[in-house]
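Novice: If you scroll down you'll find the structure; I have some questions about it.
Since every read-out is calculated from the coordinates, none of them should be taken as a lab result. Remember, it's a predicted structure, so these values are computed and weren't measured experimentally. Glycine gets a Cβ as well: all are built from the backbone with ideal geometry, and neighbour counts include every protein chain shown.
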Amino acid sequence: MADTDKLAAADARTPEQVEIDRLRSELDHFTKSGIIEIAVRNPNVSSWMVEWENRALKAEATITALEAENKRLREALEPFAEASRKMDEACESFKQPLPPDDYKPAKTFNHGELRAARRARDISRNRRES
């Protein structure tokens, strides 16, 4: 019986009361929602947010690829850095001055190390050109 009374009361509302209830509901939504929930109600804002989200995803993918390339290049250069470090340590232990930058160390590199360094260089060069 109570449900029928509610329906009868709802039917008895005037258009102004219906509009007031709608505005109260909207005000409640605006006061309890965050800025994003309010902003996405506007189609222009919503499409703009999707565009920037896609740009961010693309940038993150690029960063991930560049970090992987950076790691690969550092690994390829590690034998050369290690040889340079050992030479510097040897000079310090014998109280000798450090050699000039164009000095060729006595340690030779194997072909695998040189190929890895060349491959790293070529891949980097190709990425810059494309």
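Novice: Compute for region 14-73: radius of gyration divided by Kirkwood radius, i.e. Rg/Rh, restricted to C-alpha atoms, rounded to two decimals.
Specialist: In region 14-73, Rg relative to Rh is 1.41.
Novice: Now for a separate question. Considering only the other residues whose Cβ falls under 13 Å of the Cβ of E78, what net charge follows from Lys and Arg at +1 and Asp and Glu at -1?
Specialist: Surrounding charge for E78 is +2.
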